[in-house]
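The values are calculated or read from the model by the stated rules, or taken from the named source; none is laboratory data. Predicted model only: the values in this text are computed from it and were never measured. Glycine also receives a Cβ, built like all others from the backbone with ideal geometry; neighbour counts cover every protein chain displayed. These accessible areas exclude ligands, DNA and RNA; they are computed on the full protein's heavy atoms, side chains included. Shrake-Rupley method; radii C 1.70, N 1.55, O 1.52, S 1.80 Å.
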Amino acid sequence: MTKAIAKQPVIVQAPANIALIKYWGKRTGCGNLNLPATGSLSITLSDLLTTTKVELDQSLQADAISLNGIAVDEKRIHRFLDHVRSLTGEVMPYCRIESSNNFPTAAGLASSASGYAALAMAASKAYGLSLDRTQLSGLARIGSGSAARSMFGGFVLMHRGIRDDGSDAFAEPLLDATAWPLEVVIAIVTTKAKAHSSTVGMNHTMATSPYYAQWIEHNEARLVQAKKAVLEKDFECLGALSEASALQMHASAMAAEPGVLYWQGATMECMHRIRQLRGEGVPVFFTIDAGPQVKAVTLPGHASKVRDALADISGIEALEQTTLGAGARVL
Ligand code: PMV
């Protein structure tokens with residue numbers, strides 16, 4: 001074995017991110033490369049973190065994976081690790097992985113984003129690959145489309161790319177977190193894992209929703225405007241674009257047959273409450289991913305008001321508050 005594989009475990013911490021301009025749907029005919037049908041724009045969260053330890057072990061007959069202390073045997077993770085090993089061009093040992101999230105897993109809180117970003121960085125380093133952040137972003141994308149964005153901090157732009165080999169489908173930083181320190185309040189409606197994974201939901205939307213083509217068309221145009229809004233720090237404009245992207249993503253999913261429904265009653269209540277707050281002069285907008293949780297994005301100094309307003313909605317299990325932060329890093 002000639003690669004400089006890690007003798008010590010490699011530990012990486014990666015943040016979750018939430019898309020303000022969503023990705024929902026994959027390019028077809030590109031194998032397992034997981035190429036997005038549209039670009040996206042996200043914010044990286046400082047306080048929702050996955051920590052992943054990867055240790056190569058010659059004695060293992062298969063990868064041994066534990067998530068939040070529980071052994072898991074997920075095909076998708078094994079496939080991802082096989083891909084990492086294939087990049088070395090050599091026969092490599094299996095590895096032992098311990099990963100934990102400091103927030104609910106698979107509940108529409110971007111755990112696959114932080115999870116695959118952490119795994120991409122830790123496993124590639126453990127197997128002796130030296131990849132730069134752009135390459136790591138492309139690698140993380142193969143695990144989960146949104147994970148490509150967690151390599152970077154602050155405001156992040158994910159390119160759809162046009163090449164069939166996926167070499168131009170990666171994320172890049174757009175604006176640093178310190179340049180525009182937005183805050184996010186997350187209303188957790190349920191900590192239970194969602195019924196349909198994002199991939200299942202988006203594939204079904206692509207296959208059966210009559211609104212899918214329009215969703216793609218409108219979202220691409222919105223991305224250009226949102227990039228400008230971030231660079232100009234135009235909160236009102238970014239808020240309008242973000243709410244439109246989230247609602248149109250869900251509208252396309254709801255229009256599938258049968259419809260994909262991620263919302264609960266409290267999800268709807270939160271949206272109304274956020275709009276009411278905005279009517280009262282509080283700078284705040286919402287976004288919702290593939291789950292019932294609502295993320296309220298606000299300007300510094302307003303998070304506690306937003307939190308208080310969401311706290312008494314019945315059906316909210318918990319509230320999390322976070323600022324924007326940095327991308328994945330080796331500990
Ligand atoms: O990264 P995935 O494949 O789990 O999909 C993420 C999809 C959304 O969270 C709904 C939108 C996005 O761009 O993050």
Subset of the range 44-67 that is under 30 Å from LEU175 (Cα atoms) and not polar (S, T, N, Q) - its residue that is farthest from the chain's Cα centre (by Cα):
LYS53
Looking at SER42, is it assigned to a strand (DSSP E or B), in contact with a Ser or Thr (Cβ under 9 Å, 6 or more places away or on another chain) and farther than 29 Å from ASP165 by Cα?
no
Looking at the range 193-211 only, could you name the residues that are open to solvent by 30 Å² or more (accessible area, probe 1.4 Å) and part of a helix (DSSP H, G or I)?
SER198, THR199, VAL200, ASN203, HIS204, MET206, ALA207, THR208
In the range 192-212, which residues are at pLDDT below 95 and touching a Ser or Thr at 6+ places or on another chain (Cβ under 9 Å)?
ALA193, SER197, SER198, THR199
Quick check on the range 294-305. Is at least one of its residues in contact with a helix residue (DSSP H, G or I) (Cβ under 6 Å, 6 or more places away or on another chain), open to solvent by 50 Å² or more (accessible area, probe 1.4 Å), touching a residue at least 12 places away in the same chain (Cβ under 8 Å) and under 22 Å from SER40 (Cβ atoms)?
no
Cβ-Cβ below 9 Å, separation at least six or inter-chain, first residue in the range 318-331 and closer than 17 Å to LEU119 by Cα and charged (D, E, K, R), second part of a strand (DSSP E or B) and open to solvent by less than 60 Å² (accessible area, probe 1.4 Å): which pairs?
ARG329/VAL12; ARG329/GLN13; ARG329/ALA14
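Listed here are the residues, each with its yes/no results for (1) over 16 Å from GLY39 (Cα atoms); (2) at pLDDT below 95; (3) of a type in the set (A, V, I, L, M, F, W, C).
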position: ALA106; (1), (2), (3): yes, yes, yes
position: ALA126; (1), (2), (3): yes, no, yes
position: ARG149; (1), (2), (3): no, no, no
position: GLY154; (1), (2), (3): yes, no, no
position: HIS159; (1), (2), (3): no, no, no
Sort out which residues of the range 11-28 are open to solvent by 10 Å² or more (accessible area, probe 1.4 Å) and either more than 10 Å from the ligand (Cβ to nearest atom) or of a type in the set (Ser, Thr, Tyr) (or both), and write them in order of number.
ILE11, GLN13, TYR23, ARG27, THR28
Evaluation of ALA126 against (1) within 13 Å of the ligand (Cβ to nearest atom); (2) open to solvent by less than 20 Å² (accessible area, probe 1.4 Å) (one fails), failing number
(1)
State whether one or more residues within the range 139-155 are over 17 Å from the mean Cα position of the chain (by Cα), open to solvent by 10 Å² or more (accessible area, probe 1.4 Å) and among the hydrophobic types (A, V, I, L, M, F, W, C).
no
Between a residue in the range 12-39 that is under 14 Å from ALA110 (Cα atoms) and assigned to a strand (DSSP E or B) and any residue that is open to solvent by less than 20 Å² (accessible area, probe 1.4 Å) and basic (Lys, Arg), which pairs come within a Cβ distance under 6 Å, given they are 6 or more apart or on different chains?
ASN17/ARG149; ILE18/LYS295
Does any residue of the range 47-60 turn out to be basic (Lys, Arg), open to solvent by 50 Å² or more (accessible area, probe 1.4 Å) and over 30 Å from GLY154 (Cα atoms)?
no
Scanning for something closer than 20 Å to VAL330 by Cα, at pLDDT 95 or above and open to solvent by 10 Å² or more (accessible area, probe 1.4 Å), does the range 29-46 turn up at least one residue?
yes
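Every residue, every condition in (1) of a type in the set (Val, Ile, Thr); (2) within 23 Å of ALA309 (Cβ to Cβ); (3) modelled with pLDDT of 95 or more, yes or no:
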{"residue": "GLN225", "(1), (2), (3)": "no, no, yes"}
{"residue": "GLU232", "(1), (2), (3)": "no, no, yes"}
{"residue": "ALA240", "(1), (2), (3)": "no, yes, yes"}
{"residue": "PRO258", "(1), (2), (3)": "no, no, yes"}
{"residue": "TYR262", "(1), (2), (3)": "no, yes, no"}
{"residue": "ALA266", "(1), (2), (3)": "no, yes, yes"}
{"residue": "GLY281", "(1), (2), (3)": "no, yes, yes"}
{"residue": "THR287", "(1), (2), (3)": "yes, yes, yes"}
All conditions in (1) open to solvent by 10 Å² or more (accessible area, probe 1.4 Å); (2) within 16 Å of the ligand (Cβ to nearest atom) are true of GLN135 except (2)
Residues in the range 227-261 that are closer than 19 Å to VAL294 by Cβ and either part of a loop (DSSP other than H, G, I, E, B) or in contact with a strand residue (DSSP E or B) (Cβ under 7 Å, 6 or more places away or on another chain) (or both) total 9
Filter pass, ILE5 being assigned to a strand (DSSP E or B) and either in contact (Cβ under 8 Å) with a residue 40 or more places away in the chain or more than 9 Å from the ligand (Cβ to nearest atom) (or both):
no
